[in-house]
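A short write-up of the structure that comes next.
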Amino acid sequence: MILRGFIAGIIATVVLSAIMMMKTMMGLMPEFNVISDWTSLLATVGVSAGPAIAWILHFALGGVWGVLYALIHHKLPGGYVVSGIIFGVIAWLGMMVGFMPIAGNGFFALSISPMVPMATLILHVIFGAVLGFSYSKLVR
């Protein structure tokens, strides 16, 4: 269960990351870059890290979210995809009230742009749907 959740989390993070890279290549919201936020956050605690370390953290966190999903999905309403979307929204809320303020972007990243919360919500809904779908295929 835990390994399957981790794998599903990595799969969902690959999809999320591909969309993030497309966003960057299209020049959409260049002021918002979660990898840069990780790098900056690490620097504030005295860790000099480049983008590679930030990407590793990004994927590790995706895997951890996958494990958490595997542990609680049966307590969420709906099937795998719906419970994954609900879980993705929970992860988004965690990002908006936890990571974003710590990274210096304020609650819901409103100091960057009012578009960031909506864009990241969409990304997390996709993440959750892929997470739930992937997990459903791995447990069968």
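The values are calculated or read from the model by the stated rules, or taken from the named source; none is laboratory data. Not measured: the values here are computed from a predicted model. Cβ coordinates were reconstructed from backbone atoms using ideal geometry, including for glycine residues, and neighbour counts include every protein chain displayed. These area figures cover heavy atoms from the full protein model, side chains too; ligands, DNA and RNA do not enter into them. Shrake-Rupley method; radii C 1.70, N 1.55, O 1.52, S 1.80 Å.
Just a few scattered comments:
- Length available on full extension from Ile2 to Val64: 0.36 nm per residue minus the Cα-Cα distance, which gives 21.4 nm.
- Nearest-ten-degree value, helix 34-44 long axis tilted from longest Cα axis of the chain: 60 degrees
- Using alpha carbons only: equivalent-ellipsoid semi-axes of region 88-140, gyration tensor based, whole Å: 27, 11, 6
- By a 1.4 Å probe calculation restricted to protein chains, Trp55 has an accessible surface near 70 Å², given to the nearest 10.
- Region 39-82 shape via C-alpha gyration tensor axes, a/c threshold 1.5: prolate
- Calculated Cα Rg over 2.2 N^0.38 Å (choose from (1) 1.03; (2) 1.11; (3) 1.28), label: (1)
- Label zone of His74 (point 7 Å out along Cα→Cβ, amide N under 16 Å): in region 1-20 this covers 1-5.
- Crossing angle, helix 2-25 versus the chain [Cα axis fit, 0-90 degrees, rounded to tens]: 40 degrees
- Extension gain for Ile56 to Ser40 (0.36 nm times residue separation, less C-alpha to C-alpha distance): 4.3 nm.
- Compared with the direct C-alpha span, the chain from Val47 to Met21 gains 6.9 nm at full extension, assuming 0.36 nm per residue.
- Accessible area (Å², per residue) of the chain, counting only protein heavy atoms and a probe of 1.4 Å: 52 Å²
- Rounded to the nearest 10 degrees, the inclination of helix 51-72 to the longest alpha-carbon principal axis of the chain is 30 degrees.
- 37 °C / 0.692 mPa s Stokes-Einstein diffusion coefficient of region 1-66, Kirkwood radius on C-alpha pairs, µm²/s: 259 µm²/s
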